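My questions will all concern the structure given below.
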Amino acid sequence: MLRTVLVANRGEIARRIVRGCRARGLGAVAVYSEADRDAPHVKDADRAIAIGPAPARESYLDIERIIAAARESGADAVHPGYGFLSENWRFAEACARAGLTFIGPSPEAIRAMGDKTEARRRMAAAGVPIVPGSPDPVADAAAAARVADGIGYPVILKAAAGGGGIGMAKVTKESELAAAWATATRRAQAAFGRAEVYVERYVERGRHVEVQVFGDAKGAVVHMHERECSLQRRHQKLVEESPAPNLDAAVKRGLTEAAVAGARAIGYTNAGTLEFLVDERGFYFLEMNTRLQVEHPVTEEVTGLDLVAAQLDVAGGAALPWTQDAIRQRGAAVEVRVYAEDPAKNFLPSPGTITRLGLPRGEGLRIESGVVEGSVVSVHYDPLLFKLIATGADRAQAVARLAGALEACEVEGVKTTLPLLRRIAAHPDFRRGVVDTQMVEQGAFNA
């Protein structure tokens, strides 16, 4: 049984986890950098411990400081949230050595899925379709060209040691490959400490659909249905929803069966997500996120399940409380992420003080916010301000509520992505559920 959880994160996800701990009668300890001394998540928790200077590498990414904070607070468990150390197998291992329960999968599962070529091999062995490409990192641009010749252009170069769009480079013809190789390897080295990249066929105008899975230590694995995440900018998701609109029933069945098979093959425990590309030819495994996702609220809203509570229960040794047949989708939910970014400056971060924050309330609306009026948006962290989730009896109602709520949002003091999100919510293609991964980049929602 868990008693006290240290939340190794900040912002809206730290606040969400603190609420989840309270709902289970558990103590919640926050950590904070010097920049976050007055942050809302610090005030929400039962106790808060300083962990260092503002730069993340000296605070939220410092494993020794996090472990020390857990010991100081008397916590017996650590929840990593998402980002920062959440998919760092060394952190999960350090927690175990310190006698702390890591609320997530095993270090072995994190490590296997963190290496993208290893993940592809594991999924292929489990019968999960993968995008055609190189089975291992390629040695140089010439080797990448040979793979590309075999599978056909366009291709995409991807970092073997990480995801999130970092270290990715699209190549449409051989003459572009050398420059793309240099860019991808340099970014991979800078972000992950490993320059290795591999090659995949580039799926033109595909859809990005992911499946939420959950496993327990007794070997049970279930899925919690799918989420549509196709609307992205620079490979970062802007809008997520469930159910995925206009998704063929046979494709959905294949996705969910493949996700469960993949999770079971690696002995997965706790919450995770398998991400897929979908096109007219089928679906292909992209990667597995071995953590709670930013977009988990849409799954909670359509299934009625509390994923954070389930994470805490399973980490404490409980079996999954549901059978697969009992997990149903009801209605629809759509989430948008509102960032402090300036659309007029190519969406560069817009740090500053939030002088006015007016967030809508009403039936079918849920807000997950990491800021309040007066909060300072720091240059040191991801500029996500809040998530707005709208639900409805069907997608049309959820989207209508989303559009109205976006119009009602008021944020002053920093520039935000609200204008772009309002255009998306009003766009006829989005209203019809016609989306793909290239729409934002290709200007479908430009003013």
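Once you list every other residue whose beta carbon is under 11 Å from the beta carbon of Ile130, what net charge do they have if Lys and Arg are +1 and Asp and Glu are -1?
Result for the local shell: +3.
Under a Cβ-Cβ cut-off of 11 Å, what is the net charge of the residues other than Ala145 that fall near it, where Lys and Arg count +1 and Asp and Glu count -1?
That sum, taken over residues with Cβ under 11 Å, equals -2.
For segment 14-82, I need the span (max minus min coordinate) of the C-alpha atoms along each principal axis, in Å, sorted largest to smallest.
For segment 14-82, the Cα spread along each principal axis is 32, 23, 21 Å.
Evaluate the Kirkwood expression for the hydrodynamic radius of segment 265-409, namely the inverse of the mean inverse distance over all pairs of different C-alpha atoms, and round to one decimal in Å.
For segment 265-409, inverting the mean 1/r across all distinct Cα pairs yields 17.8 Å.
Another one. Compute for segment 132-201: radius of gyration divided by Kirkwood radius, i.e. Rg/Rh, restricted to C-alpha atoms, rounded to two decimals.
Here the Rg-to-Rh quotient is 0.92.
Quick one, what does Rg over Rh come out to for the chain if you take C-alpha atoms and the Kirkwood Rh?
For the chain, the value is 0.94.
Let me ask you something else. For Arg19 and Glu108, what does the FRET efficiency come to when R0 = 30 Å and r is the distance between their Cβ atoms, rounded to the nearest 0.05?
Working from the Cβ atoms, E equals 0.50.
Follow-up. Please give the Cα centre distance for segment 149-191 versus segment 5-82, rounded to the nearest Å.
That distance is 36 Å.
With a cut-off of at most 14 other beta carbons within 10 Å, and DSSP calling the residue loop, which trypsin sites (Lys or Arg not before Pro) in segment 201-276 qualify? Please list them. Each step should come with its number before you reach the end.
Working: sites: Arg201, Arg205, Arg207, Lys218, Arg227, Arg233, Arg234, Lys237, Lys252, Arg253, Arg264; in loops: Arg205, Lys218, Arg234.
Here the sparse-neighbourhood loop sites are Arg205, Lys218, Arg234.
Under unit Cβ charges (Lys, Arg +1; Asp, Glu -1), what dipole magnitude, rounded to 20 debye, does segment 318-447 have relative to its Cα centre?
Numbers: 15 positive and 15 negative charges, 56 e Å.
Rounded to the nearest 20 debye, it is 260 debye.
To continue, here is another question. What three numbers, in Å, describe the spread of the alpha carbons of segment 87-224 along their principal axes, ordered from the longest?
Here the Cα extents, ordered largest to smallest, are 53, 30, 23 Å.
Under the 0.36 nm per residue contour assumption, what length would be gained going from the current alpha-carbon distance of Tyr153 and Ala400 to full extension? Walk me through the intermediate numbers first.
Working: separation 247, 0.36 × 247 = 88.92 nm, distance 3.98 nm.
Going from the current span to full extension adds 84.9 nm.
Further question: Could you work out how much longer the chain between Arg432 and Ala191 gets when fully extended? Use 0.36 nm per residue separation minus the Cα distance between them, nm to one decimal.
Numbers: separation 241, 0.36 × 241 = 86.76 nm, distance 3.76 nm.
Between Arg432 and Ala191, full extension yields 83.0 nm more.
Now for a separate question. How large is ³J(HN,Hα) for each residue in segment 241-256, as worked out from phi by the Karplus curve 6.51 cos²θ - 1.76 cosθ + 1.60 (θ = phi - 60°), to whole Hz, x for Gly and Pro?
Using θ = phi - 60°, the values come out as 8, 8, x, 5, x, 6, 9, 4, 4, 5, 5, 4, 4, x, 4, 5 Hz.
Once you keep just the Cα pairs under 8 angstrom separated by 6 or more residues, what percentage relative contact order results for segment 274-324?
Values: 27 pairs, mean separation 9.6, N = 51.
Rounded, it is 19 percent for segment 274-324.
Below 8 Å between Cα atoms, with a sequence gap of 6+, how large is the relative contact order for the chain in percent? Spell out each step's value before the answer.
Details: 999 pairs, mean separation 63.1, N = 447.
The value is 14 percent.
Expressed as a whole number of Å, what is the distance separating the alpha-carbon centroids of segment 354-394 and segment 262-283?
29 Å
Compute, for the chain, the length of the dipole vector about the Cα centre, with Cβ point charges of +1 (Lys, Arg) and -1 (Asp, Glu) only. Units Debye, rounded to 20. Please report the intermediate quantities before stating the final value.
On the way: 55 positive and 56 negative charges, 22 e Å.
Roughly 100 debye, rounded to the nearest 20.
With the calculation restricted to Cα positions, what are the radius of gyration and Dmax of segment 323-447 in angstrom?
Every Cα atom of segment 323-447 included, Rg and Dmax give 15.7, 49 Å.
Just so you know, all these numbers are worked out from the coordinates, no wet-lab data involved. Not measured: the values here are computed from a predicted model. When we count neighbours, we look across all protein chains shown, and the Cβ atoms used for this are built from the backbone with ideal geometry, even at glycine.
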